[in-house]
Amino acid sequence: MKERLRQAICAALETCFSNGTLGSGEIPTVVLEVPAHAEHGDFATNVAMTMARAEKKAPRKIAEAIVAALGGENDLWQKVEIAGPGFINFSLTRRCWYAVLDEIDEKQERFGLSTAGAGERVQVEFVSANPTGPLHIGHGRGAVVGDATAAILRAVGYDVQREYYVNDAGNQVVTLGRSIWLRLRELAGEAVDFPEDCYQGGYIRDLAIDLKASDSALLDLAEEEAIKKCSAFGVCQVLEWIGADLKLFGIHFDNWYSEQSLYDHNMVNTELAKLAAKGLSYEQDGALWFKTTEYGDDKDRVLIKSDGSPTYFASDVAYHMEKFERGFSRVIDVWGADHHGYVPRMKAVLAGLGHPPEDLEVLLIQMVNLLRDGQPFTMGKRSGNFITLREVIEEVGSDACRFFFLMRRSDSQLDFYLDLAKQQSSDNPVYYVQYAHARVCSINRNAKEVGVSPPARGEVAFDRLDRDDELALSKMLSRYPEVVEGAARHYEPHRIVFYLQELAAQFHSYYNRSKVLGDDREVSQARLYLVNCVRTVLANALTLLGVSAPETM
RNA sequence: GCGCGGUUAGCUCAGCUGGAUAGAGCGUUGGCCUCCGGAGCCAAAGGUCAUAGGUUCGAAUCCUAUACCGCGCGCCA
């Protein structure tokens, strides 16, 4: 619809140029936007204003010429007006707005999808929490944002892979093993001095108990070997927990990528050799450095420590280069905002090894503040433990949890009100939206009971939808595909959430004002058609966010 | 000190590529159940868009500086 309008404007401009009313001869980019106020019509363009300079004419004069060339009303618009400093406002016909209802009815769950991404291969890597402890609330936000972003990109036609990078190779894994080992000895009755740099959480003891049950001979082994076994067991077990938590959250990864495998396949050395060959690394103080400062980082970074062991950064170089070798044209990393200092060096890696840095997009997810009774609430029951993601999901449910995590822009901090998330009232946005969906389902059940059948496409009496709020709802529905597209282009799932809240509000308001199932059969059927389109869009949007669209509540 | 993010109504936040009179929810105040699910709706009050400059037809939006809040700045991960 917007496109048809754009074409009409371009054609009008051509007319102006050929008959000499306008002189510059260059068609500018025609921007059409939805005005903030309804009295300004359905779409507005500012071309007359942007052309003012080149034409050396007053914007309103230019607008007049364009409007004259556009001609009178037709099946697309019913009114064209010049307003304000030179806006051209279009009011479209009711008929053409109602056309979107047929489109929704036809496409159903495909309404809102597009092929804009053209099958381009994109990877979204998210969560990637160290396998040394359960997921906490902060991981949860990244998990949901990553998952929803992936879903949205898929909806607009990208070939998306979801990946979890498992840091199973670094020091932290040894620390995990040692922590378990010490607890194990404690269980055997030894007095153990548990160091501060070991993992303090109570889950370590749980792991030790489990391990003791499955491998009682462990205590007889030499320390190094025992710790190794403890590490392997711990990583395996913790990953299982993480997988279970994510499953509870409805998140599925296409691929779990092991950091250790980069070493096993000698890929770290291979990439480091490439850097050396390009003269991008050097030795100093017994360590190997990457000249990240050549690409905008504020200091160079160590790849190999003076003790000969590689840094986390070294494997990350290999990992990211390997991503591109796998054929992704774009790679999206979802990180906690506390890792933001890492962005410049990662971009430097790409630049140094011959990829445009823009091919890597890093989404930084700001912190979550949990609040209960309005009070900050970050510590769990056992002191020293962050509240786990699982505890929150079990308390408020996956739907509410996901919805709340998506309610804010990722780069602003999020206050998570536990009480509100649990509340079953319209104050709780997730219930409010879900209830709108359930309400249409309820109307459908009722319609069946009173014998009003949904009308067939093509036989809907759109002229009986003569109320302003019916038109407004249709306009709202027609915006959905653009909202999805915008969310995809900017990696901003929260846009869908805001849209949902707005749509639900408009629907509830409509519902309250006018009975869908009334005395007039034709009107009832038309309204039934309309509210079912609302239902479809609500369901599509909720599904995109991984939130359920219940038929009853 | 340097870097990143933030600053919009009493509170929590939206605000698209710079557009017309800056929006929503909560809270406050006042209304609405003979009615498809009140898990809902309607209305009112509430603003120096942190501050000061700049860019221009036009700035909450872009640029510069300042203030405040959060985070980061290791041969940790």
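Among the residues examined, A:E240 does not qualify as at pLDDT below 95, open to solvent by 20 Å² or more (accessible area, probe 1.4 Å) and in a helix (DSSP H, G or I).
Being open to solvent by 70 Å² or more (accessible area, probe 1.4 Å), assigned to a loop (DSSP other than H, G, I, E, B) and either within 30 Å of A:G138 (Cα to Cα) or among the small types (G, A, S) (or both) is a property that A:E196 has.
Taking the listed residues A:K323, A:K347, the one that is in a helix (DSSP H, G or I) and under 20 Å from A:R162 (Cβ atoms) is A:K323, with no other qualifying. The residues on offer are A:R185, A:R162, and the sole one that is open to solvent by 20 Å² or more (accessible area, probe 1.4 Å), in contact (Cβ under 8 Å) with a residue 24 or more places away in the chain and part of a helix (DSSP H, G or I) is A:R185.
Cβ separations smaller than 7 Å between residues 6+ apart or across chains give the following pairs from the stretch A:335-361 residues that are of a type in the set (G, A, S) to residues that are near RNA strand B (Cβ under 8 Å from one of its atoms): A:A337/A:L364; A:A337/A:Q366; A:A337/A:M367. When each of A:R110, A:R60, A:R94 is tested for being among the basic types (K, R), under 30 Å from A:T149 (Cβ atoms) and open to solvent by 70 Å² or more (accessible area, probe 1.4 Å), the lone residue that passes is A:R110. Across the stretch A:13-49, the qualifying residues are those that are near RNA strand B (Cβ under 8 Å from one of its atoms), over 30 Å from the mean Cα position of the chain (by Cα) and open to solvent by 40 Å² or more (accessible area, probe 1.4 Å), and the one among them that is farthest from A:S478 (Cα to Cα) is A:M49. Of all residues in the stretch A:167-179, count the ones that are touching a Ser or Thr at 6+ places or on another chain (Cβ under 8 Å), open to solvent by less than 10 Å² (accessible area, probe 1.4 Å) and not in a loop (DSSP other than H, G, I, E, B). Selection size over the stretch A:167-179: 2.
The lone criterion from (1) farther than 30 Å from A:D333 by Cα; (2) out of contact with any Leu (no Cβ under 7 Å at 6 or more places or on another chain); (3) among the aromatic types (F, W, Y) left unmet by A:F498 is number (1). When the stretch A:243-260 is examined, which residues are found to be open to solvent by less than 60 Å² (accessible area, probe 1.4 Å) and out of contact with any strand residue (DSSP E or B) (no Cβ under 9 Å at 6 or more places or on another chain)? Scanning the stretch A:243-260 gives A:A244, A:F249, A:G250.
Does the stretch A:513-553 hold any residues that are free of Cβ contacts under 8 Å to residues at least 60 places away in the same chain and open to solvent by less than 30 Å² (accessible area, probe 1.4 Å), and which are they?
A:S514
The values are calculated or read from the model by the stated rules, or taken from the named source; none is laboratory data. In this text, all values refer to a predicted model and were calculated from it rather than measured experimentally. We place every Cβ from the backbone using ideal geometry, glycine too, and count neighbours over all the protein chains shown. When the accessible area is computed, the model is the full protein with side chains, heavy atoms only, and any ligands, DNA or RNA have been set aside. Shrake-Rupley method; radii C 1.70, N 1.55, O 1.52, S 1.80 Å.
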